[in-house]
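Values quoted throughout were computed directly from the atomic coordinates according to the rules given, and no laboratory measurement underlies them. Since the model is a prediction, treat every value here as computed from it, not as a measurement. Neighbour counts are summed over all protein chains in view; Cβ atoms, including those assigned to glycine, are modelled from backbone coordinates with ideal geometry.
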Amino acid sequence: MEHITEALRRVRSEPQAHPSALGAVPHLRAHRAEEVGSIVYTQTRNVVVPPAVLRERRVITGYGPGPYADAYKILRTQVLKRMRDLGANVLAVTSPSEGEGSTLVAINLAISLAMEVAHTVLLVDANLRTPRAHDYFGLRSAAGLSHYLTQDAALEDLLIHPGIDHFVWLPAGERLATSSEMLGSPRMAALVDELKHRYPSRIVIFDLPPVLSAADALAFAPLADCALLVVEEGKTPADKVAQAAHLLGSRLIGTVLNKSQESMREPAKTKRGLFSRLLQRG
């Protein structure tokens, strides 16, 4: 855990560079009218993913109305309330350890938020160690965040619109051995600032690696407004949940209990003011 302790010390003690001193960040090439519904992305790659593929991978747009989608709507409502209370629009989603379902939760939460007509949503796969978000869309790995951070790739050339209204996705790109350094870099800080302020109605969700397995999430944490912790029922030990929550500190707005075995019709339970039981079925 020494590398995590050191990362935590650094993010608490080192001053963050102001984005205005980092050079210009390319603006997203999108035009918007007064209504969110009239946004047209003019240079974003469009890839239509068949509903059958999404359903197979448990992405909610592959399902009709029902308990599965309703669970995410409840989570969406609670997350939106907490973010509005904080004046936040940048959310990090992570977990204590590998395999607890944080990536699928981040994707489904982002899509559920995009279904709200008042919002557009940008999902960023910031897991530069083991990118996996593309698997849920049935796509091959594509150029993405790593190329923006290390190769000066233009942001508008990396974004993908997977045929879901109000939703855009930035893939992770290639794996990086220096992932924690890049996620805490001035260029990353400038990108987050650009994404945060470009459109007032946009919510930005970053899917991060687990907190306890690498320093990446802690390196990025100071850039996010708030964080959501995904834990797996029957798998995640209580001490690891507590440890991850401690490391995320005041940015943590709540937890999601994932892969619950209880009935999907059970009333929602709350923890730290946030819906904490998200029932995930295959």
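Observations on the model:
- Counted residue by residue at 0.36 nm each, then reduced by the alpha carbon distance between them, the extension gain from D70 to T130 reaches 18.7 nm.
- Pairs exceeding a 29 Å alpha-carbon distance, out of K81/K259; K73/K235; K196/K240: K196/K240.
- Put the Cα centre of segment 107-174 next to the Cα centre of segment 41-99 and the gap is 12 Å.
- Under 5 Å, built H, 5+ apart or other chain: amide partners of V256: L229, V230, V231
- Efficiency of FRET between Q243 and E56 - r from beta-carbon atoms, R0 35 angstrom, step 0.05: 0.55
- Cα gyration tensor, segment 103-233 - rounded (a/c under 1.5), prolate or oblate: rounded
- Segment S250-H197, extension gain: residue separation times 0.36 nm, minus the distance between their alpha carbons: 16.9 nm
- Placing a pseudo-label 7 Å from each Cα along the Cα-to-Cβ vector at R84 and E98 gives an inter-label distance of 4.0 nm.
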